[in-house]
Amino acid sequence: MSIKMIRIDDRLIHGQIVTAWAKNLQIDKIWIVDDGVAKDDFIKGIMQMVAPSDRELIITGLDDIRRLVEKFDSEPDNVLILIKFPYVAKELFQAGVKLKELNIGGMGAGSDRQKIFKNISASQSEKDTLKSIQDMGVNVYFQVTPDEKRSQFVY
């Protein structure tokens, strides 16, 4: 299986991704799935500047999920999928991604969000979506860095 991690992190690519997760998981490709980023050439340019130059960066909207899940699940390259929101994770799992784990690494505070773990916050709708993902047989867990112990999402 080449999809090694699906991670919710509203910062998408940043230092932890570049230095810790990509190295730890021996990632060859980073796939960002986000409609807003895919449509914004300025943000895409920033993501390309901060992405590791020795790894391929793919940025798409949700429309490409089904096609790319099948493609990346059958390739030998190791893929890290970065997303901002739980509903995108649900789309990935419904598209048939083989990996049955979801890492929650960063969801910032907001007016409709409550703290659910350390510096991670979620709205009621997002918590419901995470629960529905769990109900699909997916292990949903918190782990900010690779050397940190996993903590299970409890609804």
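The values are calculated or read from the model by the stated rules, or taken from the named source; none is laboratory data. On a predicted model such as this, the values are computed, not experimentally measured, just so you know. When we count neighbours, we look across all protein chains shown, and the Cβ atoms used for this are built from the backbone with ideal geometry, even at glycine.
Some notes on this structure:
- Residue match in region 119-140 (condition: part of a loop (DSSP other than H, G, I, E, B), at pLDDT 95 or above, under 15 Å from the mean Cα position of the chain (by Cα) and buried (at least 18 other Cβ atoms within 10 Å of the Cβ)): yes
- Scanning region 5-21 for residues that are closer than 15 Å to Q48 by Cβ and in contact (Cβ under 8 Å) with a residue 40 or more places away in the chain yields L12, I13, I17.
- Here Y87 fulfils each of the conditions (1) part of a helix (DSSP H, G or I); (2) within 23 Å of Q152 (Cα to Cα); (3) in contact with a strand residue (DSSP E or B) (Cβ under 8 Å, 6 or more places away or on another chain) apart from (3).
- Test: residue in region 71-85 that is more than 18 Å from V140 (Cβ to Cβ) and free of Cβ contacts under 8 Å to residues at least 40 places away in the same chain: yes
- Any pair with Cβ under 7 angstrom, 6 or more apart, that starts in region 123-136 at a residue that is farther than 14 Å from V154 by Cβ and ends at one that is not aromatic (F, W, Y): S123/D112; S123/R113; E126/P86; T129/P86; T129/K90; S132/K90
- With respect to the stated conditions, I13 fails to be of a type in the set (V, I, T), in a helix (DSSP H, G or I) and at negative phi.
- Candidate set from region 100-118 (those that are part of a loop (DSSP other than H, G, I, E, B) and in contact with an Asp or Glu (Cβ under 8 Å, 6 or more places away or on another chain)); member that is nearest to I17 (Cα to Cα): M107
Condition check ((1) touching a helix residue (DSSP H, G or I) at 6+ places or on another chain (Cβ under 8 Å); (2) surrounded by 19 or more Cβ atoms within 10 Å (Cβ to Cβ); (3) closer than 23 Å to P146 by Cα) across all residues:
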site	(1), (2), (3)
I13	yes, yes, yes
V18	yes, no, yes
K23	no, no, yes
A38	yes, no, no
R67	no, no, no
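- When each of I3, I27, I59, I43 is tested for being within 16 Å of A89 (Cβ to Cβ) and buried (at least 16 other Cβ atoms within 10 Å of the Cβ), the lone residue that passes is I3.
- Boolean, V144 is modelled with pLDDT under 95, assigned to a loop (DSSP other than H, G, I, E, B) and either surrounded by 14 or more Cβ atoms within 10 Å (Cβ to Cβ) or not acidic (D, E) (or both): yes
- Evaluating R67 against the criteria (1) under 30 Å from G45 (Cβ atoms); (2) in contact with a strand residue (DSSP E or B) (Cβ under 7 Å, 6 or more places away or on another chain); (3) part of a helix (DSSP H, G or I); (4) free of Cβ contacts under 8 Å to residues at least 24 places away in the same chain leaves one unmet condition, (2).
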